[in-house]
Amino acid sequence: MTNKVKVAIIGPGNIGTDLLMKAMRSEFVEPVWMVGVDADSPGLARAQELGLKTTSEGVDGMLPTMKDDGVKICFDATSAYVHAENSRKVNEQGAVMIDLTPAAIGPFCVPPVNLTEAVNSRAMNVNMVTCGGQATIPMVAAVSRVQGVSYGEIVATVSSKSAGPGTRKNIDEFTRTTASGIEKVGGAQSGKAIIVINPAEPPLIMRDTVHCLTVDEPNQEAITKSVHEMLAEVQKYVPGYTLKNGPVFDGKRVSIYLEVEGLGDFLPKYAGNLDIMTAAGLRTAEMYAEEILSGSFVPNAA
Amino acid sequence: MDLSGKKITLHDMCLRDGMHPKRHQISVEEMVTIAKAMDEAGIPLIEVTHGDGLGGASVNYGFPAASDEEYLTAVCKEMKNTKVSALLLPGIGTVDHLKMAVDCGISTIRVATHCTEADVSEQHLTMATQYPGLDTVGFLMMAHMIGPEELVQQLKLMEDFGANCVYITDSAGYMLPDHVTERVALARAELKPETELGFHGHHNMAMGIANSLAAVEAGATRIDGSLAGLGAGAGNTPLEVFIAVCDRMGVETGVDLFKAMDIAEDLIVPMMDHMVRVDRDSLTLGWAGVYSSFLLFAKRSAEKYGLSSRDILVELGRRRTVGGQEDMIEDLALDMAREKGTI
């Protein structure tokens, strides 16, 4: 396909650079801009070498020409604090914003659960929840689509090296946003999220545990089948997403033990937590891109 | 060892760390009764929350008999002299829990992270300093896992975020007195002189008293323990024993020894579901350097899947698991059981 939708990445850090690597392989999108705030950023230099336009003036540096450059989709891989402003600015230029920060001003999107819904709603801002949310909410949904889940809880364990300064400075955003996603997208009546950071060397691969309490006795066979189907869905864009153990049934408790190994594009393979975010963000963009390319969706200034 | 004339603050853990061996089922009434007796005995500070701190109520760590808010409200309003603290582990609890606990009447907040991850406490320590007079404590868990220099760098971060007291926490009961001495002494030399130092021990290698004395000698002025040792693993430093030792050594604690003994004997021991003591499994925690609250989880998984709890604990130590990874235990037990052919 020669016709691709042009996209911009805001934030040339680890996430933004990994996203760039993945986006360059895409059949549906073509990265044309990398936006940073630090002229010495190695991420900006790398993007420039790869032929992208770059600026160290933040989003303002891209705004004057982004429309002419054909940018229809932007990814924000900066921080929750600056996201709202970034989003407003690019929306005004008629570009959809895919939010990889935990700002959560737009509807949540967890691709295997509600991507179609998010795209069909033509939202100009969609939020990718959190890394822990992307890894676990599909499994909460896999249980809740079989029967009612009164409580969903997830424990995400990530290696120290994969927990960046943004996550560390504002770890409460992770727990709040993930818990909210467990309810709104996962379908649990109430949600709780726990994150544990482990400094072991060599770094551990991201681990996630999902505990659901079902309203009635769990239908073991149906839940097991649903979990395996969901696993296959996630593996389509994160091949290293594996079911280590479970589902384990204990009364009304259903526990699912997962491991998430990344593709190792720019980030190391153990950082499955970051990989699943960039992969989910890209998958969301590609689905928007297909709609844009087919002419069924024309992003408009909000 | 000459400690005579030193003054220290004792901090009882029965109603927080003691929640672990009680599977978080201590009732509000039991908490109030015990707290009032501790107030009467002159214990200056007691900790009250779920065993895993504010917001610990979960499938992963266990649902408590009452909420943190119910426990804290009930205990705080009954205290005449004793102050109440709450523990908060970022990643489990949030600043919303911190605000709630302050509203309930706590005077000390302790923000706990794994020993290498102090930077995740910035948000919570910074918020705590905005409450005038709130005693703000940073608490570095599993402090045996890194050397003194690295540990002190992490303690300094907590000091920078606004902690007026920082703790070296032997969550696994792994440390020997020399480990405590070198860590506390370096911290004392490197941190601001006005920053208080604390030590929190576990008795898994029966080193609770010896380690606490080493900490006091090296400059710690706050010592955690629990009456009758009610705490995770083989329990915390048995506080009535430590009070007696301090008394003999001329260390001032301000606590009435006989009243403390009576609480241990008459209130705490009868409440135990099992004798909290050094036994095969709790000793394994200390020897292998494993987070003490893993004990009952390992026992339950061992029973469910036909394994040895000691084998599970040793493997958890080998994998360098950290506090909060209780979910690893069933996952690991399933792997071990499959290998062994018991499932």
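List of remarks:
- Verdict on A:Ile197 being part of a strand (DSSP E or B) and either modelled with pLDDT under 95 or not polar (S, T, N, Q) (or both): yes
- Note on region A:141-152: residues that are open to solvent by less than 10 Å² (accessible area, probe 1.4 Å) and either free of Cβ contacts under 8 Å to residues at least 12 places away in the same chain or over 19 Å from the mean Cα position of the chain (by Cα) (or both) amount to 3.
- Considering residues of region B:306-343 that are facing another protein chain (nearest Cβ under 10 Å) and of a type in the set (D, E, K, R) only, the residue farthest from the chain's Cα centre (by Cα): B:Arg338
- Exactly one residue out of A:Glu233, A:Glu217 is assigned to a loop (DSSP other than H, G, I, E, B), open to solvent by 10 Å² or more (accessible area, probe 1.4 Å) and not polar (S, T, N, Q), and it is A:Glu217.
- Residues in region A:196-211 that are at the interface with chain B (Cβ under 9 Å from one of its Cβ atoms), more than 20 Å from the chain's Cα centre (by Cα) and surrounded by 13 or more Cβ atoms within 10 Å (Cβ to Cβ): A:Asn198, A:Pro199, A:Ala200, A:Leu204, A:His211.
- Taking the criterion of being open to solvent by less than 50 Å² (accessible area, probe 1.4 Å), in a strand (DSSP E or B) and more than 8 Å from chain B (Cβ to nearest Cβ), the residues of region A:185-194 that qualify are A:Ala188, A:Ser190, A:Gly191, A:Ala193.
- Odd one out for A:Asn127 among (1) within 14 Å of chain B (Cβ to nearest Cβ); (2) farther than 21 Å from A:Leu243 by Cβ: (1)
Conditions (1) modelled with pLDDT of 95 or more; (2) in contact with a Leu (Cβ under 8 Å, 6 or more places away or on another chain); (3) part of a loop (DSSP other than H, G, I, E, B), marked per residue:
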{"site": "B:His11", "(1), (2), (3)": "yes, yes, no"}
{"site": "B:Leu15", "(1), (2), (3)": "yes, no, yes"}
{"site": "B:His24", "(1), (2), (3)": "yes, no, yes"}
{"site": "B:Thr33", "(1), (2), (3)": "yes, yes, no"}
{"site": "B:Asp39", "(1), (2), (3)": "yes, no, no"}
{"site": "B:Ile43", "(1), (2), (3)": "yes, yes, yes"}
{"site": "B:His50", "(1), (2), (3)": "yes, no, yes"}
{"site": "B:Gly55", "(1), (2), (3)": "yes, yes, yes"}
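- Any pair with Cβ under 6 angstrom, 6 or more apart, that starts in region B:257-276 at a residue that is assigned to a helix (DSSP H, G or I) and ends at one that is surrounded by fewer than 18 Cβ atoms within 10 Å (Cβ to Cβ) and not aromatic (Phe, Trp, Tyr): B:Leu257/B:Ala244; B:Leu257/B:Asp247
Here's the yes/no breakdown for (1) of a type in the set (D, E, K, R); (2) crowded, with 22+ Cβ neighbours inside 10 Å; (3) over 17 Å from the mean Cα position of the chain (by Cα); (4) closer than 21 Å to B:Glu69 by Cβ:
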residue: B:Gly105; (1), (2), (3), (4): no, no, yes, yes
residue: B:Ala112; (1), (2), (3), (4): no, yes, no, yes
residue: B:Tyr131; (1), (2), (3), (4): no, no, yes, yes
residue: B:Leu134; (1), (2), (3), (4): no, no, yes, yes
residue: B:Met142; (1), (2), (3), (4): no, yes, no, no
residue: B:Pro148; (1), (2), (3), (4): no, no, yes, no
residue: B:Tyr167; (1), (2), (3), (4): no, yes, no, no
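- Filtered by the rule that a residue be of a type in the set (Val, Ile, Thr), over 27 Å from B:Gly219 (Cα atoms) and surrounded by 23 or more Cβ atoms within 10 Å (Cβ to Cβ), region B:269-293 gives B:Val276, B:Thr284.
- Screening the candidates B:Leu15, B:Leu88, B:Leu72 for the property of being within 14 Å of another protein chain (Cβ to nearest Cβ) and under 21 Å from B:Ala128 (Cβ atoms) yields one hit, B:Leu88.
- The single condition from (1) over 23 Å from B:Lys99 (Cβ atoms); (2) out of contact with any strand residue (DSSP E or B) (no Cβ under 8 Å at 6 or more places or on another chain) that B:Ser171 fails is (2).
- If you go through region A:237-260 and pick out every residue that is buried (at least 22 other Cβ atoms within 10 Å of the Cβ) and more than 11 Å from chain B (Cβ to nearest Cβ), you end up with 4.
- Here B:Thr116 fulfils each of the conditions (1) assigned to a helix (DSSP H, G or I); (2) in contact with a helix residue (DSSP H, G or I) (Cβ under 7 Å, 6 or more places away or on another chain); (3) surrounded by fewer than 24 Cβ atoms within 10 Å (Cβ to Cβ); (4) within 14 Å of chain A (Cβ to nearest Cβ) apart from (1).
- Scope region A:170-184; condition open to solvent by less than 30 Å² (accessible area, probe 1.4 Å), away from chain B (no Cβ under 12 Å) and either among the charged types (D, E, K, R) or more than 13 Å from A:Ala104 (Cα to Cα) (or both); matching residues: A:Ile182
- Comparison of A:Thr167, A:Thr136 shows that the only residue that is open to solvent by less than 10 Å² (accessible area, probe 1.4 Å) and among the polar types (S, T, N, Q) is A:Thr136.
- Residue in region B:29-46 that is more than 10 Å from every other protein chain (Cβ to nearest Cβ), hydroxyl-bearing (Ser, Thr, Tyr), without any contact (Cβ under 8 Å) to a residue 12 or more places away in the chain and open to solvent by 30 Å² or more (accessible area, probe 1.4 Å) present: no
- Filtering region B:175-197 to residues that are under 15 Å from the mean Cα position of the chain (by Cα) and surrounded by 24 or more Cβ atoms within 10 Å (Cβ to Cβ) leaves only B:Met175.
- Residue count for region A:261-283 under the criterion of being surrounded by 24 or more Cβ atoms within 10 Å (Cβ to Cβ) and either in a loop (DSSP other than H, G, I, E, B) or among the polar types (S, T, N, Q) (or both): the result is 4.
- Candidates in region B:198-250 are the residues that are touching a Pro at 6+ places or on another chain (Cβ under 6 Å) and of a type in the set (A, V, I, L, M, F, W, C); of these, the one that is surrounded by the most Cβ atoms within 10 Å (Cβ to Cβ) is B:Ala214.
- Screening A:Thr167 against (1) in contact (Cβ under 8 Å) with a residue 60 or more places away in the chain; (2) within 14 Å of chain B (Cβ to nearest Cβ) leaves a single unmet condition, (1).
The values are calculated or read from the model by the stated rules, or taken from the named source; none is laboratory data. The shown structure was predicted, so the numbers you read here are calculated from the model rather than taken from an experiment. Note: ideal-geometry Cβ built from the backbone for every residue, glycine included; neighbour counts use all protein chains shown. We work out accessible area using only protein heavy atoms, side chains counted, and drop any ligands, DNA or RNA first. Shrake-Rupley method; radii C 1.70, N 1.55, O 1.52, S 1.80 Å.
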